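Sharing a structure with you now.
The values are calculated or read from the model by the stated rules, or taken from the named source; none is laboratory data. If you're wondering where the values come from, they're calculated on a predicted model, not measured in any experiment. Cβ placement follows ideal geometry from the backbone for every residue including glycine, while neighbour counts extend to all protein chains displayed. Keep in mind that these areas ignore ligands, DNA and RNA; they rest on the heavy atoms of the full protein, side chains included. Shrake-Rupley method; radii C 1.70, N 1.55, O 1.52, S 1.80 Å.
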Amino acid sequence: MKVLNYGSLNLDLVYHMEHFIRPGETFGATRLDKFPGGKGLNQSIALARAGARVYHAGNVGPDGEVLVETLRNAGVDTNLIRRVEEVTGHAVIQVDSRGDNSIILYAGANAQVTSDQIDRVLEEFARGDYLILQNEINLVGEIMDKAFDKGMIIVLNPSPMNEEIRKLPLEKVSIFLLNEIEGEELTGKREPDNILDELLARYPRARVVLTLGGKGSVYGDGEERIQQNIYKVEAVDTTAAGDTFTGYFISTLIRTGSCREALDMAARASALAVSRQGAAPSIPALEEVRAAAGGIQEM
């Protein structure tokens, strides 16, 4: 079984601030870090470090070879990444003194996906293979349609959440992975159980994982609900927490078939990620997550 992540590739500029900049304010950063990033890249690295056989498809510009090399070094197959003339996508990220983040995205090469490119990529995959998607590239709906026709298992992380998400063929999604804010925007509901109820009523064949920040996460399908608590660490940078969770959840689910075990491993891995600086560099390897099992405590 193969995993295709058709997603974004970004260069992240991370500014460390005492607080997020307010309108009209000029305020000095305490430090600037530059990291490989993008939800697509982060999730591919998390998938690979969690043990999945993952292929990344997407675009970079002339300045993006460092991202390709980063993926390759993490064990991701990069042969489906296309080089384009547009500048590589990038993000400007503020991280405040509490470790929270605020992000500005510029799509760049991420918005240069073409129909012919999609066809060439999907030729490499078959029924039962996994497709991971986010919302930082163009033509996501077309990718979903063509992958569904092939019988692929479609996993959607609807982030960043915007009106384009509502235009997607969401009935073709097998697994939704989203946070409570995205869940509220998509369903109009606020309470986690109500969000799950609404999504499962609309898409009864789907499975849903809803992350709840400090309250952990919850899984739901047509038969069961599973609650997962977080693991206690000192938060340094939450930038890649959700992407780490996604990668570890899917990889563990493929390996074990257990949603309960997948939730637990994802919670442990994302706890380690938020205790470190950066996006991609903060994502732990599977051996680290297993080794830390006795050193971090569930809350």
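Total Lys pairs in the chain closer than 16 Å by alpha-carbon, pairs eight or more apart in sequence or interchain only?
5
Quick one: compute the contact order of the range 230-273, relative version, from alpha carbon pairs under 8 angstrom and 6+ residues apart, as a percent.
52
Determine the relative contact order of the chain: mean sequence separation of Cα pairs under 8 Å and six or more apart, normalised by residue count, in whole percent.
Relative CO of the chain lands at 18 percent.
If the label point is 7 Å along Cα→Cβ of Glu288, which residues in the range 44-58 have backbone nitrogen under 17 Å from it?
44-52
Another question, if that's okay. Using 0.36 nm per residue of separation minus the Cα-Cα distance, give me the extension gain between Ala201 and Ser174 in nm, one decimal.
8.3 nm
Here's another thing I want to ask about it. Which residue, Leu199, Leu177, Leu41, has the most motion in a Gaussian network model of the chain that connects Cα atoms within less than 10 Å?
Result: Leu199 has the largest fluctuation of those listed.
Using a 1.4 Å probe and ignoring any ligands, DNA or RNA, find the accessible area of Ile181 and quote it in Å² to the nearest 10.
Estimated to the nearest 10 Å², Ile181 gives 110 Å².
Turning to a different aspect of this structure: Compare Met161, Met152, Met1 by solvent-accessible area with a 1.4 Å probe and give them largest first, with all protein chains kept in place.
Result, largest first: Met1, Met161, Met152.
Given N residues in the range 26-138, what is its alpha carbon radius of gyration divided by 2.2 N^0.38 Å?
Cα-based Rg divided by the globular estimate yields 1.16.
Right, another one. Considering only DSSP states other than H, G, I, E and B, which trypsin sites (Lys or Arg not before Pro) in the range 175-244 qualify as loop sites with at most 12 other Cβ atoms within 10 Å?
Hits after loop and neighbour filter: Arg190, Arg205.
Sticking with this one: What is the antiparallel percent of DSSP beta bridges lying wholly in the chain, to the nearest 5?
The antiparallel fraction comes to roughly 45 percent.
Once both labels are modelled 7 Å past Cα along the beta-carbon direction, what's the Glu65-Asn79 spacing in nm?
Modelled inter-label distance: 2.1 nm.
Now for a separate question. Can you list residues whose amide H is under 5 Å from Leu4's amide H, if they're 5+ apart or on another chain and H is modeled 1.01 Å from N?
Long-range HN contacts for Leu4: Tyr55, Tyr130, Leu131, Ile132.
Separate question: Please work out the C-alpha center-to-center distance from the range 200-278 to the range 90-109 and express it in whole Å.
If you average the Cα positions of each part, the centres end up 22 Å apart.
For the chain, what is the charge dipole size about the Cα centre, in debye to the nearest 20, if Lys and Arg each add +1 at the Cβ and Asp and Glu each add -1 at the Cβ?
Charge dipole of the chain: 560 debye, to the nearest 20.
Taking square-rooted eigenvalues a ≥ b ≥ c of the alpha carbon gyration tensor, is the chain rounded, prolate or oblate, where a/c under 1.5 means rounded and, failing that, a/b exceeding b/c means prolate?
Verdict is rounded for the chain.
What is the set of long-range amide H partners of Arg82 at a cut-off below 5 Å, with H atoms built 1.01 Å from backbone N?
Gly58, Asn59, Val60
So what is the 222 nm mean residue ellipticity for the chain from helices alone, if each DSSP H run of at least 4 adds -39500 (n - 2.57) and you divide by all residues, rounding to the nearest 500 deg cm²/dmol?
It comes out at -10000 deg cm²/dmol, rounded to the nearest 500.
Report, for the range 14-90, the % of DSSP beta bridges that are antiparallel, rounded to 5.
Antiparallel bridges: around 40 percent, rounded to the nearest 5.
A further question on this structure: Could you give the nm distance between label points at Glu124 and Arg166, where each point is 7 Å from its Cα heading toward the beta carbon?
Output for this residue pair reads 3.6 nm.
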